[in-house]
Amino acid sequence: MKLKRVELGMNQEALAFEAGMARSFVSGIERGTAKASIDSVWKLSQALKCRPSDLWQVTERLYFEQKKS
């Protein structure tokens, strides 16, 4: 999610506003200290103008790359 947000030139506050969430929650998701529900992922993807599956695919790729290291 952070990669897409940065690609779009958005800060956490703008993303949180567009998704109707608290900035602290968005920050927690990006840091891995908060877990996003399906509803949250949907709202975030809408704010990021992408499909929810796009966010999952990037997360999955990064996860497996990290495990290889």
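Out of the residues in the stretch 18-37 that are under 17 Å from residue 49 (Cα atoms) and assigned to a helix (DSSP H, G or I), state the one that is most open to solvent (accessible area, probe 1.4 Å). Give the derivation first.
The first filter runs over the stretch 18-37 and keeps only residues under 17 Å from residue 49 (Cα atoms), leaving 18-21, 26.
Pick out the ones that are also assigned to a helix (DSSP H, G or I) and you get 18-19, 26.
Values: 18: 112, 19: 10, 26: 0 Å².
Filtering the stretch 18-37 for residues that are under 17 Å from residue 49 (Cα atoms) and assigned to a helix (DSSP H, G or I), the one most open to solvent (accessible area, probe 1.4 Å) comes out as 18.
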| message | Of the residues 67, 4, 49, only one is of a type in the set (Lys, Arg) and at positive phi; which? | response | 49
| Limited to the stretch 38-56, what total is found for residues that are open to solvent by 60 Å² or more (accessible area, probe 1.4 Å) and farther than 17 Å from residue 6 by Cβ? | 7
| query | Do any residues in the stretch 48-65 that are of a type in the set (Gly, Ala, Ser) have Cβ atoms under 9 Å from those of residues that are part of a helix (DSSP H, G or I), where the two are at least six apart or on different chains, and which pairs are they? | reply | 53/45
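Just to be sure before I move on: is residue 15 modelled with pLDDT under 95, in a helix (DSSP H, G or I) and open to solvent by less than 100 Å² (accessible area, probe 1.4 Å) in the structure I sent? Show your work before the answer.
Details: modelled with pLDDT under 95: no; in a helix (DSSP H, G or I): yes; open to solvent by less than 100 Å² (accessible area, probe 1.4 Å): yes.
Against the criterion (modelled with pLDDT under 95, in a helix (DSSP H, G or I) and open to solvent by less than 100 Å² (accessible area, probe 1.4 Å)), residue 15 does not qualify.
The values are calculated or read from the model by the stated rules, or taken from the named source; none is laboratory data. Being a predicted model, the structure only gives us computed values, none of them experimental. With ideal geometry, Cβ positions are generated from the backbone for all residues, glycine too; neighbour counts draw on all protein chains shown. Quick note on the areas: whole protein, heavy atoms, side chains included, nothing else; ligands and nucleic acids left out. Shrake-Rupley method; radii C 1.70, N 1.55, O 1.52, S 1.80 Å.
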